[in-house]
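Below is one structure, written out as C-alpha coordinates, with a few remarks after it.
The values are calculated or read from the model by the stated rules, or taken from the named source; none is laboratory data. As the structure is a computational prediction, the values presented were derived from the model and not from experiment. All Cβ positions, even for glycine, are placed from backbone atoms using ideal geometry, and neighbour counts span all protein chains on display. Surface areas here come from the heavy atoms of the whole protein model, side chains and all, with no ligands, DNA or RNA. Shrake-Rupley method; radii C 1.70, N 1.55, O 1.52, S 1.80 Å.
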Amino acid sequence: MTDPVSTAQVAEHYSSTTRESIIGGLFRFRALMLSLTGRELKVKYQRSALGLLWTLLNPLLMVLVFVMVFSSILRVRVDGFWAFLISGIFVWRFVSESINRTTSLLKTHAGLRRSVAFPSEILVFSTVLTKLVEFMIAMTIVLLALFFFYHHAVPATVLLLPYLIVLQALMTTGLMLPLAVFSVLYYDVEHAMPAIMRLWFFLTPIFYPVTMIPEELRPYFYLNPFVGLLQLYHMSLYEGVWPSWALLAGVSATALVIFLVGFWLFQKYKDVCVEIA
(Lines give C-alpha, C1' and ligand atoms only; values in the text may rest on other atoms or scores of the structure.)
Protein backbone atom coordinates (compact mmCIF):
# COMPACT_ATOMS: atom_id res chain seq x y z
CA MET A 1 0.00 0.00 0.00
CA THR A 2 1.54 3.32 -1.08
CA ASP A 3 2.19 6.12 1.37
CA PRO A 4 -0.17 9.08 1.16
CA VAL A 5 1.06 12.01 -0.90
CA SER A 6 2.46 14.78 1.28
CA THR A 7 3.47 18.31 0.37
CA ALA A 8 7.01 17.53 1.52
CA GLN A 9 7.28 14.54 -0.83
CA VAL A 10 6.01 16.54 -3.77
CA ALA A 11 8.33 19.45 -3.05
CA GLU A 12 11.33 17.12 -2.60
CA HIS A 13 10.62 15.27 -5.83
CA TYR A 14 9.96 18.39 -7.83
CA SER A 15 13.12 20.12 -6.57
CA SER A 16 15.16 17.09 -7.70
CA THR A 17 13.50 16.97 -11.13
CA THR A 18 15.96 18.20 -13.75
CA ARG A 19 15.23 20.95 -16.22
CA GLU A 20 15.78 18.37 -18.97
CA SER A 21 12.89 16.21 -17.76
CA ILE A 22 10.38 19.07 -17.82
CA ILE A 23 11.19 22.20 -19.83
CA GLY A 24 14.21 20.67 -21.54
CA GLY A 25 12.27 17.53 -22.37
CA LEU A 26 9.45 19.55 -23.88
CA PHE A 27 11.91 21.55 -25.96
CA ARG A 28 13.75 18.44 -27.10
CA PHE A 29 10.56 16.69 -28.20
CA ARG A 30 8.74 19.83 -29.39
CA ALA A 31 8.57 18.51 -32.96
CA LEU A 32 6.82 15.33 -31.78
CA MET A 33 4.43 17.31 -29.57
CA LEU A 34 3.52 19.67 -32.43
CA SER A 35 3.14 16.71 -34.78
CA LEU A 36 0.76 14.95 -32.37
CA THR A 37 -1.20 18.18 -31.91
CA GLY A 38 -1.55 18.73 -35.65
CA ARG A 39 -2.49 15.10 -36.23
CA GLU A 40 -5.21 15.15 -33.59
CA LEU A 41 -6.75 18.33 -35.02
CA LYS A 42 -6.57 16.94 -38.55
CA VAL A 43 -8.16 13.61 -37.62
CA LYS A 44 -10.88 15.26 -35.55
CA TYR A 45 -11.99 17.63 -38.29
CA GLN A 46 -11.20 15.66 -41.46
CA ARG A 47 -14.07 15.43 -43.96
CA SER A 48 -15.76 18.29 -42.13
CA ALA A 49 -16.82 21.26 -44.23
CA LEU A 50 -16.77 23.63 -41.25
CA GLY A 51 -13.64 22.19 -39.61
CA LEU A 52 -12.51 24.09 -36.52
CA LEU A 53 -15.70 26.14 -36.57
CA TRP A 54 -17.35 23.21 -34.80
CA THR A 55 -15.20 24.19 -31.80
CA LEU A 56 -17.39 27.29 -31.62
CA LEU A 57 -20.71 26.01 -32.95
CA ASN A 58 -21.22 23.15 -30.49
CA PRO A 59 -20.84 25.29 -27.35
CA LEU A 60 -22.88 28.10 -28.93
CA LEU A 61 -25.78 25.71 -29.42
CA MET A 62 -25.43 24.78 -25.75
CA VAL A 63 -25.36 28.48 -24.85
CA LEU A 64 -28.63 29.05 -26.75
CA VAL A 65 -30.30 26.18 -24.89
CA PHE A 66 -29.07 27.42 -21.50
CA VAL A 67 -30.11 31.00 -22.25
CA MET A 68 -33.62 29.88 -23.21
CA VAL A 69 -33.99 27.56 -20.20
CA PHE A 70 -32.38 29.67 -17.47
CA SER A 71 -33.51 33.10 -18.69
CA SER A 72 -37.09 32.29 -19.69
CA ILE A 73 -38.07 29.24 -17.64
CA LEU A 74 -35.94 28.94 -14.50
CA ARG A 75 -35.17 32.67 -14.56
CA VAL A 76 -31.65 32.92 -13.16
CA ARG A 77 -31.36 36.54 -12.05
CA VAL A 78 -28.19 37.61 -13.83
CA ASP A 79 -28.06 40.73 -15.96
CA GLY A 80 -26.83 39.93 -19.45
CA PHE A 81 -27.07 36.21 -18.77
CA TRP A 82 -25.70 35.30 -22.22
CA ALA A 83 -22.53 37.33 -21.52
CA PHE A 84 -22.12 35.69 -18.11
CA LEU A 85 -22.54 32.25 -19.66
CA ILE A 86 -20.06 32.61 -22.51
CA SER A 87 -17.48 34.06 -20.10
CA GLY A 88 -17.17 30.66 -18.47
CA ILE A 89 -18.69 27.88 -20.55
CA PHE A 90 -15.78 27.67 -23.00
CA VAL A 91 -13.39 27.33 -20.06
CA TRP A 92 -15.36 24.37 -18.80
CA ARG A 93 -15.52 22.86 -22.28
CA PHE A 94 -11.72 23.00 -22.42
CA VAL A 95 -11.47 21.30 -19.02
CA SER A 96 -14.06 18.58 -19.64
CA GLU A 97 -12.87 17.66 -23.13
CA SER A 98 -9.24 17.54 -22.00
CA ILE A 99 -10.00 15.32 -19.02
CA ASN A 100 -12.31 12.98 -20.97
CA ARG A 101 -9.67 12.61 -23.69
CA THR A 102 -7.03 11.72 -21.09
CA THR A 103 -8.68 8.52 -19.89
CA SER A 104 -7.85 6.69 -23.13
CA LEU A 105 -4.67 8.58 -24.01
CA LEU A 106 -1.94 6.15 -22.92
CA LYS A 107 -3.83 3.11 -24.22
CA THR A 108 -4.41 4.76 -27.61
CA HIS A 109 -0.71 5.55 -28.01
CA ALA A 110 0.64 2.36 -26.39
CA GLY A 111 2.28 1.19 -29.63
CA LEU A 112 3.98 4.54 -30.19
CA ARG A 113 5.31 4.61 -26.64
CA ARG A 114 6.85 1.16 -27.02
CA SER A 115 8.46 1.86 -30.40
CA VAL A 116 9.74 5.41 -29.82
CA ALA A 117 11.64 6.62 -26.76
CA PHE A 118 10.08 9.85 -25.51
CA PRO A 119 8.66 11.13 -22.20
CA SER A 120 5.09 9.85 -21.86
CA GLU A 121 3.96 13.22 -20.49
CA ILE A 122 4.41 14.60 -24.02
CA LEU A 123 1.12 12.87 -24.88
CA VAL A 124 -0.69 14.77 -22.14
CA PHE A 125 0.94 18.09 -23.04
CA SER A 126 0.09 17.66 -26.73
CA THR A 127 -3.55 17.02 -25.81
CA VAL A 128 -3.59 20.20 -23.72
CA LEU A 129 -2.03 22.10 -26.62
CA THR A 130 -4.69 20.76 -29.00
CA LYS A 131 -7.49 21.88 -26.72
CA LEU A 132 -5.79 25.26 -26.23
CA VAL A 133 -5.83 25.83 -30.00
CA GLU A 134 -9.58 25.16 -30.04
CA PHE A 135 -10.08 27.27 -26.92
CA MET A 136 -8.25 30.27 -28.36
CA ILE A 137 -10.37 30.18 -31.52
CA ALA A 138 -13.55 30.12 -29.44
CA MET A 139 -12.34 32.84 -27.06
CA THR A 140 -11.54 35.18 -29.93
CA ILE A 141 -15.22 35.15 -30.92
CA VAL A 142 -16.33 35.36 -27.27
CA LEU A 143 -14.20 38.45 -26.65
CA LEU A 144 -15.47 40.18 -29.77
CA ALA A 145 -19.08 39.48 -28.72
CA LEU A 146 -18.47 40.79 -25.19
CA PHE A 147 -16.64 43.91 -26.36
CA PHE A 148 -19.13 44.93 -29.06
CA PHE A 149 -22.48 43.77 -27.71
CA TYR A 150 -22.12 43.82 -23.92
CA HIS A 151 -19.40 46.19 -22.69
CA HIS A 152 -19.37 48.37 -25.84
CA ALA A 153 -15.69 48.84 -25.01
CA VAL A 154 -12.58 46.84 -24.16
CA PRO A 155 -12.28 46.52 -20.37
CA ALA A 156 -8.75 46.80 -18.98
CA THR A 157 -9.28 43.56 -17.07
CA VAL A 158 -8.92 41.64 -20.34
CA LEU A 159 -5.18 41.96 -19.69
CA LEU A 160 -5.62 39.21 -17.10
CA LEU A 161 -6.72 36.71 -19.75
CA PRO A 162 -3.25 35.33 -20.68
CA TYR A 163 -2.51 34.66 -17.01
CA LEU A 164 -5.89 33.00 -16.49
CA ILE A 165 -5.23 30.73 -19.47
CA VAL A 166 -1.91 29.71 -17.90
CA LEU A 167 -3.70 28.89 -14.62
CA GLN A 168 -6.38 26.98 -16.52
CA ALA A 169 -3.76 24.94 -18.43
CA LEU A 170 -1.74 24.23 -15.28
CA MET A 171 -4.77 23.12 -13.28
CA THR A 172 -6.17 20.95 -16.07
CA THR A 173 -2.81 19.37 -16.88
CA GLY A 174 -2.28 18.61 -13.20
CA LEU A 175 -5.54 16.65 -13.17
CA MET A 176 -4.91 14.97 -16.52
CA LEU A 177 -1.50 13.57 -15.59
CA PRO A 178 -2.62 11.25 -12.76
CA LEU A 179 -5.86 10.38 -14.59
CA ALA A 180 -3.80 9.24 -17.58
CA VAL A 181 -1.96 6.63 -15.50
CA PHE A 182 -4.82 5.66 -13.20
CA SER A 183 -7.09 4.99 -16.17
CA VAL A 184 -4.54 2.38 -17.31
CA LEU A 185 -4.18 0.85 -13.85
CA TYR A 186 -7.92 0.89 -13.16
CA TYR A 187 -10.39 0.74 -16.06
CA ASP A 188 -13.10 1.97 -13.70
CA VAL A 189 -11.70 5.49 -14.10
CA GLU A 190 -12.61 5.63 -17.79
CA HIS A 191 -16.14 4.36 -17.10
CA ALA A 192 -16.72 6.73 -14.18
CA MET A 193 -15.36 9.98 -15.65
CA PRO A 194 -18.38 10.91 -17.88
CA ALA A 195 -20.72 10.77 -14.87
CA ILE A 196 -18.21 12.58 -12.67
CA MET A 197 -17.77 15.34 -15.24
CA ARG A 198 -21.54 15.83 -15.55
CA LEU A 199 -21.85 16.19 -11.78
CA TRP A 200 -18.79 18.45 -11.69
CA PHE A 201 -20.41 20.70 -14.30
CA PHE A 202 -23.40 21.44 -12.07
CA LEU A 203 -21.17 21.98 -9.03
CA THR A 204 -19.18 24.64 -10.88
CA PRO A 205 -20.59 28.19 -11.23
CA ILE A 206 -20.81 28.25 -15.02
CA PHE A 207 -24.47 29.21 -15.48
CA TYR A 208 -25.00 30.69 -12.01
CA PRO A 209 -22.91 33.15 -9.97
CA VAL A 210 -21.13 32.19 -6.75
CA THR A 211 -23.46 34.55 -4.89
CA MET A 212 -26.36 32.15 -5.55
CA ILE A 213 -24.66 29.46 -3.47
CA PRO A 214 -25.89 29.55 0.15
CA GLU A 215 -23.23 31.22 2.26
CA GLU A 216 -22.89 28.28 4.62
CA LEU A 217 -22.13 25.97 1.66
CA ARG A 218 -19.61 28.19 -0.12
CA PRO A 219 -16.53 26.89 1.74
CA TYR A 220 -17.37 23.39 0.45
CA PHE A 221 -17.89 24.68 -3.08
CA TYR A 222 -14.44 26.27 -3.03
CA LEU A 223 -12.95 22.81 -2.57
CA ASN A 224 -13.71 22.54 -6.28
CA PRO A 225 -10.60 24.20 -7.79
CA PHE A 226 -12.52 25.46 -10.82
CA VAL A 227 -14.89 27.58 -8.73
CA GLY A 228 -12.18 30.16 -8.10
CA LEU A 229 -10.94 29.97 -11.69
CA LEU A 230 -14.44 30.54 -13.14
CA GLN A 231 -14.95 33.40 -10.70
CA LEU A 232 -11.78 35.04 -12.04
CA TYR A 233 -13.02 34.62 -15.62
CA HIS A 234 -16.43 36.08 -14.79
CA MET A 235 -14.91 39.04 -12.97
CA SER A 236 -12.39 39.90 -15.67
CA LEU A 237 -14.50 39.23 -18.79
CA TYR A 238 -18.13 39.62 -17.72
CA GLU A 239 -18.00 42.14 -14.86
CA GLY A 240 -14.90 43.98 -16.03
CA VAL A 241 -13.59 44.36 -12.47
CA TRP A 242 -10.20 43.47 -11.05
CA PRO A 243 -10.30 40.45 -8.71
CA SER A 244 -8.86 40.67 -5.25
CA TRP A 245 -5.23 39.70 -4.76
CA ALA A 246 -6.36 37.07 -2.25
CA LEU A 247 -8.54 35.30 -4.83
CA LEU A 248 -5.89 35.56 -7.54
CA ALA A 249 -3.14 34.28 -5.23
CA GLY A 250 -5.35 31.47 -3.94
CA VAL A 251 -6.23 30.20 -7.42
CA SER A 252 -2.58 30.54 -8.52
CA ALA A 253 -1.34 28.51 -5.56
CA THR A 254 -4.03 25.89 -6.11
CA ALA A 255 -3.13 25.53 -9.80
CA LEU A 256 0.56 25.13 -8.99
CA VAL A 257 -0.04 22.54 -6.25
CA ILE A 258 -2.39 20.52 -8.48
CA PHE A 259 0.19 20.52 -11.27
CA LEU A 260 3.07 19.50 -8.97
CA VAL A 261 1.09 16.69 -7.33
CA GLY A 262 -0.19 15.50 -10.70
CA PHE A 263 3.29 15.52 -12.23
CA TRP A 264 4.69 13.65 -9.23
CA LEU A 265 2.02 10.93 -9.47
CA PHE A 266 2.53 10.60 -13.22
CA GLN A 267 6.27 10.15 -12.85
CA LYS A 268 5.70 7.57 -10.13
CA TYR A 269 3.41 5.30 -12.16
CA LYS A 270 4.15 5.98 -15.83
CA ASP A 271 6.72 3.16 -16.23
CA VAL A 272 4.22 0.60 -14.95
CA CYS A 273 1.69 1.86 -17.47
CA VAL A 274 4.09 1.32 -20.36
CA GLU A 275 4.25 -2.38 -19.50
CA ILE A 276 0.53 -3.03 -19.05
CA ALA A 277 -1.20 -0.56 -21.43
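Below, the figures for the structure above:
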item: Cα centroid separation - the stretch 191-229 against the stretch 122-138, whole Å; result: 23 Å
item: Mean accessible surface per residue for the stretch 110-237, computed with a 1.4 Å probe while every protein chain stays in place, in Å²; result: 44 Å²
item: Carbon/sulfur fraction of accessible area - the stretch 93-169, other protein chains in place, 1.4 Å, %; result: 73 percent
item: Proximal lysines to Lys42, defined as alpha-carbon separation beneath 26 angstrom and excluding residues fewer than eight positions away on the same chain; result: Lys107, Lys131
item: Protection proxy ranking, peptides 149-155, 211-217, average beta carbon neighbours within 10 Å, highest first; result: 149-155, 211-217
item: Within-15-Å neighbourhood charge of Tyr238 [Cβ basis; K, R +1; D, E -1]; result: -1
